[in-house]
Amino acid sequence: MKHIKNIIFDLGAVLIDIDLSKTACAFDILFKNNYTKIKQALDAEQFFQKQETNEVTENIFYKKIIQYSNSTITQEQVQDAWNALLGEIPDTRLKMLEALRPNYNLYLLSNTNSIHLNHIRAYLKKEKNISDFDAYFKKAYYSHLIGLRKPGTEIYEFVLRDAQLNPSETFFIDDNAKNIQGANAVGIQTLLHDPKNEIDQVLREKGFVF
């Protein structure tokens, strides 16, 4: 696309496959079919959102989840259930990033938490022999490390300021409509991505140069 110098990628459902139902199913087994009620209680206190800004740390997360269980479960079981939603990063997407880098400044902006990020890094090391995923980007921004999360405009303003980006020259890709609205509010050009479509093909059709 003309005038675009910077591309900011979301991580989940854009670069890495995710399936929320897998974690819901795993937790339902751990909680003996009582996960829906427990999740409602956790959502009421914005538990998972607070994890994404590190207000809920790993220790607090595990302790709280285990407390809600009616049976004896381990931290490892909670970790496995929580990470169940995370899928693969196909080689085609990694090659896409490599092909885009000579022509654009690439950034990553993800609402995530330390448990998921550690899992993704371990997966990439084991399955792809990639020891530094962040190296694909000029900079990677993770919500739990900067204490801000999408769709608040503060996180987009932080990225623009920190990376010294012109919003009119910046393109943001996310699968969540509210996140897209937050980026639009600060002048960033956007794409609401449908995970049913492969992102490399979508960008080619949009006229990005690989």
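Could you check, for segment 107-121, whether at least one of its residues is of a type in the set (Gly, Ala, Ser) and crowded, with 18+ Cβ neighbours inside 10 Å?
Yes, segment 107-121 contains at least one residue that is of a type in the set (Gly, Ala, Ser) and crowded, with 18+ Cβ neighbours inside 10 Å.
Just to be sure, is residue 62 over 22 Å from residue 120 (Cβ atoms) and touching a helix residue (DSSP H, G or I) at 6+ places or on another chain (Cβ under 6 Å)?
In short, no.
So which of 162, 134 ends up being of a type in the set (D, E, K, R), within 18 Å of the chain's Cα centre (by Cα) and either under 24 Å from residue 190 (Cβ atoms) or surrounded by 14 or more Cβ atoms within 10 Å (Cβ to Cβ) (or both)?
134
Can you work out which of the residues in segment 31-57 that are among the β-branched types (Val, Ile, Thr) and not in a helix (DSSP H, G or I) is farthest from residue 78 (Cα to Cα)?
Out of the qualifying residues, it is 53.
Would you tally the residues in segment 98-125 being more than 21 Å from residue 164 (Cβ to Cβ) and touching a Leu at 6+ places or on another chain (Cβ under 8 Å)?
Selection size over segment 98-125: 5.
Output the number of residues of segment 1-30 satisfying the condition of being within 30 Å of residue 92 (Cβ to Cβ), of a type in the set (Val, Ile, Thr) and assigned to a helix (DSSP H, G or I).
Adding up the residues that qualify gives 1.
Do you know which residues across segment 3-32 are more than 22 Å from residue 134 (Cβ to Cβ), basic (Lys, Arg) and in contact with a Leu (Cβ under 9 Å, 6 or more places away or on another chain)?
Matches in segment 3-32: 22 only.
Out of 78, 56, which single residue is of a type in the set (Val, Ile, Thr) and within 16 Å of residue 26 (Cα to Cα)?
When all the criteria are applied, what remains is 78.
Do we have any residue at all in segment 3-10 that's over 30 Å from residue 188 (Cβ atoms), in contact (Cβ under 8 Å) with a residue 12 or more places away in the chain and either β-branched (Val, Ile, Thr) or touching a strand residue (DSSP E or B) at 6+ places or on another chain (Cβ under 7 Å) (or both)?
Within segment 3-10, none of the residues are over 30 Å from residue 188 (Cβ atoms), in contact (Cβ under 8 Å) with a residue 12 or more places away in the chain and either β-branched (Val, Ile, Thr) or touching a strand residue (DSSP E or B) at 6+ places or on another chain (Cβ under 7 Å) (or both).
Take the conditions of a type in the set (D, E, K, R), more than 30 Å from residue 5 (Cβ to Cβ) and crowded, with 17+ Cβ neighbours inside 10 Å and apply them to residue 125. Does it pass?
no
Laboratory data are not the source of any read-out in this text; all were calculated from the coordinates shown. Everything quoted here is computed from the prediction, not taken from an experiment. Cβ: placed from backbone, ideal geometry, glycine included. Neighbour counts: every protein chain shown.
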